[in-house]
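Here, each number is a calculation from the coordinates, and none is a lab measurement. Note that the structure is a prediction, hence the values are computed from the model and not measured. Don't worry about glycine lacking a Cβ; one is built from the backbone with ideal geometry, like all the others, and counts go over all protein chains shown.
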Amino acid sequence: MQHVDPALIKGLTIGLGAIGPAIGMGLIGAAVVGAVGRNPEIQGRILSTAFIMIGLVDAVLAFVLLILFTTK
Amino acid sequence: MMVPFFGFDIEPLGAQQVFTLGPLAITNSMVYGLLMALIIMSILTFGARASQLWPKSKLAFWCESLVELILGLVTESFGDRKKAMKHFPMLLTLFIFILACNISGLLPGVGTITYNHVSLFRAWTTDLNATAAMAILTMATVQIYAIRTIGFKGYFEHYYTHQPWKPGNILIGSLEVYSEVLRLITLALRLFGVIYGGEALLAAIGTLAGSFGWAAMVPITLLELFFCVIQAYLFMMLSTTYLVMSTSQHEESGHEPGPVQAVAVS
């Protein structure tokens, strides 16, 4: 394992680490569109909840970036 | 001082000492955090001075609109204006301070102005000490208000129920206590990770694009602005949710749960 290029590992880290948050954000977006379509009168409350969920999902990608940028 | 990383120059993980004030080492994030705190305090003081029943000054109008917006969000989560007003000052302070500190990292001069070969300015929230301090403050407030509202017995029963000798209750209660510690850690790491990762990403994109770094950085900067607002909002709303969850135990008049209480698990 000593001969693996660290750039490859870093590329794999960001590539694999971005899959989960991307799927999560897509699910949130789909759910929000569906919910607003069903009852558009509480759009504000749905969107505020959706932004919280996006923030939570985004943190996962942030941890990946943190690991990526802080390892030699 | 910048750390080379595959040819990009990014800020090191920890904040660096700029000078010492007696026994206290002043780091660059402390300098910028204090500066931002002074700026916010002066702006809001001017806004509060000019506030009237019918505000004529634009600054007062915008300050009042912001406060009104946050008050609406917090009241909706608490479901009760009187309870919301009790915790509102701390939540508003957290939101405005975190938002200003997040955005301050995107201003020019951060990382380029140096003093003794150490960059003088560094956004307050890109320092893990700072976010951990704010998270500890929040969680300590939550625990103290929980004990004050529902008493020691209720606080204990919140975790271990009224039959703490049953093994199942011990297991679940310990998991609950562990999740409180986990909340503290995630609250600190989430804010730090997103803001620090974003700034490192900006540096990396700027280096990768070469001569066209200024053009490539525009969309990333807009994305970062979005995340700055989201993270400040998230920190405040999660603090609100933890407060609501821990202080509204064993109430006979069960009010409608707010919109954010569903996501309080993390």
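General observations
- Mean-position separation - Cα centroids, segment B:177-205 and segment A:1-71, in angstrom: 13
- For segment B:58-124, the percent of C-alpha pairs falling in each 10 Å distance bin, counted from 0 to the bin holding the largest distance, reads 19, 33, 24, 16, 7, 0.
- Between the Cα long axis of helix B:28-49 and the first principal axis of chain B there is an angle of about 70°, rounded to the nearest 10.
- Whole-percent P(r), segment B:108-241, all Cα pairs, 5 Å bins from 0: 2, 9, 13, 15, 14, 12, 9, 7, 6, 5, 4, 2, 1, 0.
- Over chain A, relative contact order from alpha-carbon pairs under 8 Å, at least 6 apart, %: 46
- Take each peptide in B:83-91, B:199-207, count the other Cβ atoms within 10 Å of every residue, and average; sorted highest first, the result is B:199-207, B:83-91.
- Degrees, to the nearest 10: B:128-160 long Cα axis against longest axis of chain B: 0
- Semi-axis lengths, largest first, of the ellipsoid equivalent to chain B are 37, 25, 18 Å, with √(5λ) applied to each eigenvalue of the Cα gyration tensor.
- What the Cα atoms of segment B:7-155 give is an Rg and a Dmax of 19.0, 58 Å.
- Mean residue ellipticity at 222 nm, helices only, chain A: -30500 deg cm²/dmol; runs of at least 4 DSSP H residues each add -39,500 (n - 2.57), and the sum is divided by the number of residues.
- A helix-only calculation puts chain B at -24000 deg cm²/dmol for mean residue ellipticity at 222 nm, using -39500 (n - 2.57) for each DSSP H run of at least four residues, averaged over all residues.
- Considering every alpha-carbon pair of segment B:13-79, the percent of pairs per 5 Å bin, from zero through the bin containing the longest distance, is 3, 15, 14, 14, 12, 12, 10, 11, 7, 2.
- For the protein assembly as shown, Kirkwood radius (reciprocal of mean inverse C-alpha pair distance, Å): 22.2
- Whole-angstrom Cα spans of chain A along principal axes, big to small: 58, 17, 11
- The C-alpha atoms of chain A define a longest principal axis, and helix A:43-70 lies at about 0 degrees to it.
- Cβ-based exposure ranking for B:Asp127, A:Asp58, A:Asp5, in which fewest neighbours within 10 Å come first: A:Asp5, A:Asp58, B:Asp127
- Listed peptides B:16-23, A:19-26, B:94-101 appear in the order B:94-101, A:19-26, B:16-23 once ranked by packing, highest mean of other Cβ atoms within 10 Å at the front.
- Residue ranges B:29-38, B:177-186 sort as B:29-38, B:177-186 when ordered by packing (mean number of other C-beta atoms within 10 Å per residue, highest first).
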